[in-house]
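Undergrad: Can you keep this structure in mind? I'll have questions shortly.
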Amino acid sequence: MEVLFYLILLSNLKLFFSRLLYDIIDVKRGSRMNLEHIKKTDPVIAEQIELELKRQQETIELIASENITSLAVMEAAGSVLTNKYAEGKPHKRFYNGCEHVDVIEEIAQKRACELFQVDHANVQPHSGAQANMAVFMYCLKPGDKVLGMDLSNGGHLSHGSPVNFSGLYFDVASYGVDEEGNIDYDDVLKKAKEHKPKLIICGASNYSKIIDFKRFREIADEVGAYLLADIAHIAGLVVAGLHPSPAPYADFVTTTTHKSLRGPRGGITMCREEHAMGIDKAIFPGMQGGPLEHIIAAKAVALHEAMQPEFKTYAEQIIKNAKALAQGLMDEGMDIVGGMTENHLMTLDLRRTGKTGKDMANVLERVGITANKNTVPNDPQSPFVTSGIRLGTPAVTTRGFKEDDMVEVAKIIASAIYASDNEQGLKNLRERSLKLCKKYPLYQ
Ligand SMILES: Cc1ncc(COP(=O)(O)O)c(C=O)c1O
């Protein structure tokens with residue numbers, strides 16, 4: 001008996017020390033990403049994941065729609081839940097063995113309702129575009145009229161672009177922004193009266209001002225349209241109370257979970273109680289099969305994180321950083337569409353520099369800054385070339401960047417654009433961006 005006791009104690013101690021050793025090696029390697037098994041079975045993919053981690057660690061991420069999730073979110077996304085089929089809704093599934101995913105999905109729904117102050121939340125959409133598609137499927141028939149924000153003025157593909165399902169199967173009219181980058185609400189009303197849409201979409205992929213959801217409601221009411229508020233970009237700011245919520249005004253609210261909300265890649269469709277059953281049916285069986293329960297668990301974890309007081313501080317810092325970046329760029333003589341930003345993003349207007357968004361986004365990549373080319377209002381360039389670059393601060397804020405750092409980032413951006421042909425200059429700027437990355441280690 002005593003021998004057995006000592007044997008068990010010994011094996012437990014061995015396990016404890018080997019885990020400790022593994023953790024120490026892992027941390028020393030500078031990585032919390034455990035790729036132990038992929039490395040053995042599929043080294044080619046393991047290598048690319050490691051290189052991607054290094055890329056993220058060593059670049060300043062200014063793509064406005066990206067963020068850096070917590071390890072907790074990633075653990076849920078990489079969990080055994082990926083093995084489970086769960087077509088249907090919690091407690092009304094087409095498969096057995098769903099007792100745990102039912103609990104998880106209900107928690108995710110409840111947290112979404114609480115955070116966004118909505119009656120109903122379906123957390124199954126695989127992405128933001130699908131979250132929107134559910135609304136189209138529920139309240140429109142092919143050929144029905146929709147009024148959405150034009151893609152080149154800041155709207156999203158799924159708001160009626162001719163190359164997207166929303167533009168291919170529905171009759172779309174669009175509104176844009178004025179030279180100052182503001183939505184002209186009178187023009188939206190005029191277009192609504194002219195086209196009599198069944199659905200009006202507000203919310204954007206590239207809009208740096210506060211959106212007046214109440215005004216959109218009034219416009220929708222004037223023409224008897226449903227109102228969809230797509231808050232994919234600003235969701236994190238909305239739940240932190242830093243951007244007005246569309247919940248009191250919109251019939252439907254959609255969001256992605258991976259932008260300022262800082263969760264896994266995915267979408268959520270929310271609505272008033274009267275639309276709940278219809279929206280659920282549109283998602284399944286209407287447009288999706290089995291939900292991704294591992295991602296739903298990760299959404300639940302992210303929503304829990306967004307309920308904590310630290311998240312509000314984080315969201316406040318996103319805006320402070322965006323303002324510091326915009327001011328820094330303007331101090332360097334650069335133009336920002338609409339001037340000072342009111343949220344997490346801005347568009348650099350390159351027209352006065354004579355350079356294009358496409359070329360300058362590539363130059364920024366060479367100095368260790370990732371951003372994307374974007375059209376500016378009335379852009380003389382094509383959408384493939386553009387005269388602008390969209391910049392956003394959710395990811396760098398997660399990393400720990402503060403206002404002073406954003407001023408340095410602004411200087412690096414401006415210097416790279418002004419002296420984009422100076423090879424040595426670009427190398428020096430790369431050193432400066434690397435220094436900032438090292439100041440705020442990622443997943444280490
Ligand atoms: C406003 C808006 N809606 C929807 C989407 C689509 O999200 P996803 O890429 O997850 O389909 C985006 C993505 O950028 C977006 O900006």
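Undergrad: In region 76-306, with Lys and Arg counted as +1 and Asp and Glu as -1 at Cβ, which of these residues, G97, Y207, G155, has the Cα nearest the positive end of the dipole, that is, farthest along it?
TA: Working it through, the farthest residue towards the positive pole turns out to be G97.
Undergrad: Then there is this: Add -39500 (n - 2.57) for each DSSP H run of 4 or more in the chain, then divide by its residues: what number comes out at 222 nm, to the nearest 500 deg cm²/dmol?
TA: Numbers: 17 runs with 209 residues, N = 444.
One gets -14500 deg cm²/dmol as the mean residue ellipticity at 222 nm.
Undergrad: Ok, one more. Please arrange Y249, Y207 by counting, for each residue, the other beta carbons lying within 10 Å of its beta carbon, fewest first.
TA: Numbers: Y249 20, Y207 26.
Lowest count first: Y249, Y207.
Undergrad: Can you give the % of DSSP beta bridges in region 76-306 that are antiparallel, to the nearest 5?
TA: Percentage antiparallel, nearest 5: 45.
Undergrad: Still on this model: Cβ neighbours within 10 Å, averaged per peptide: list 54-65, 256-267 in order, most packed at the top. List each step's numbers first, then the result.
TA: Values: 54-65: 19.5, 256-267: 27.3.
Result, highest mean first: 256-267, 54-65.
Undergrad: Quick one: grab the alpha carbon gyration tensor of region 35-168, order the square roots of its eigenvalues as a ≥ b ≥ c, and give me rounded if a/c is under 1.5, else prolate or oblate depending on whether a/b is larger than b/c. Numbers along the way, then the final one.
TA: Working: a/c = 1.99, a/b = 1.21, b/c = 1.65.
Here region 35-168 falls in the oblate category.
Undergrad: Going highest first, how would you order 67-75, 131-139 by mean Cβ packing within 10 Å?
TA: Values: 67-75: 17.4, 131-139: 25.0.
Those peptides, ordered most packed to least, come out 131-139, 67-75.
Undergrad: Taking every eigenvalue of the Cα gyration tensor of region 320-439, multiplying by 5 and rooting it, what semi-axes result, largest first, whole Å? Walk me through the numbers before you get to the answer.
TA: On the way: eigenvalues 86, 62, 28 Å².
In descending order, the three semi-axes are 21, 18, 12 Å.
Undergrad: Amide H neighbours of L199 under 5 Å, counting only residues 5+ apart in sequence or on other chains, H built in-plane at 1.01 Å?
TA: Those qualifying (amide H under 5 Å, at least 5 residues apart or on another chain) are L147, Y226.
Undergrad: Restricting to bridges with both residues inside the chain, how much of the DSSP beta-bridge set is antiparallel, in percent to the nearest 5? Don't skip to the answer; put the middle values down first.
TA: On the way: 21 of 37 bridges.
Counting only bridges with both partners in the chain, antiparallel ones make up about 55 percent.
Undergrad: Roughly what would the spin-label model give for N34 and A276, points 7 Å off Cα along C-beta, in nm?
TA: 3.9
Undergrad: Here is a follow-up. Take I268, I38, I279 and order them by how many other Cβ atoms sit within 10 Å, fewest up front. Don't skip to the end; give the middle numbers.
TA: Values: I268 30, I38 16, I279 25.
By the 10 Å Cβ count, ascending, the order reads I38, I279, I268.
Undergrad: Here is a follow-up. In debye to the nearest 20, how big a dipole does region 76-306 give about its Cα centre with +1 on each Lys and Arg Cβ and -1 on each Asp and Glu Cβ? Spell out each step's value before the answer.
TA: Details: 23 positive and 28 negative charges, 98 e Å.
Here region 76-306 has a charge dipole of around 460 debye.
Undergrad: Under DSSP H, which helices of the chain have Cα atoms covering 27 Å or more of the helix axis and a Kyte-Doolittle average no less than 0.5? Each step should come with its number before you reach the end.
TA: On the way: long enough: 2-28 (39 Å, 1.12); 309-331 (33 Å, -0.36).
Those that clear 27 Å and a mean of 0.5 are 2-28.
Undergrad: Then there's this: For T393, T313, what's the fewest-to-most ordering of other Cβ within 10 Å of each Cβ? Intermediate results must be reported in sequence, preceding the final value.
TA: Details: T393 29, T313 10.
Taking fewest neighbouring Cβ atoms as first place, the list is T313, T393.
Undergrad: While we're here: Name the shape class, rounded, prolate or oblate, that the alpha-carbon gyration tensor gives for the chain, where a ≥ b ≥ c are the square roots of its eigenvalues, rounded holds for a/c under 1.5, and otherwise prolate holds if a/b is larger than b/c and oblate otherwise.
TA: On the way: a/c = 2.15, a/b = 1.15, b/c = 1.87.
Because a/c hits 1.5 or more and a/b fails to exceed b/c, the chain counts as oblate.
A short reminder: the numbers here are calculations on the coordinates, not readings from a lab. All figures in this text were calculated on a predicted structure; none of them were measured in a lab. Glycine also receives a Cβ, built like all others from the backbone with ideal geometry; neighbour counts cover every protein chain displayed.
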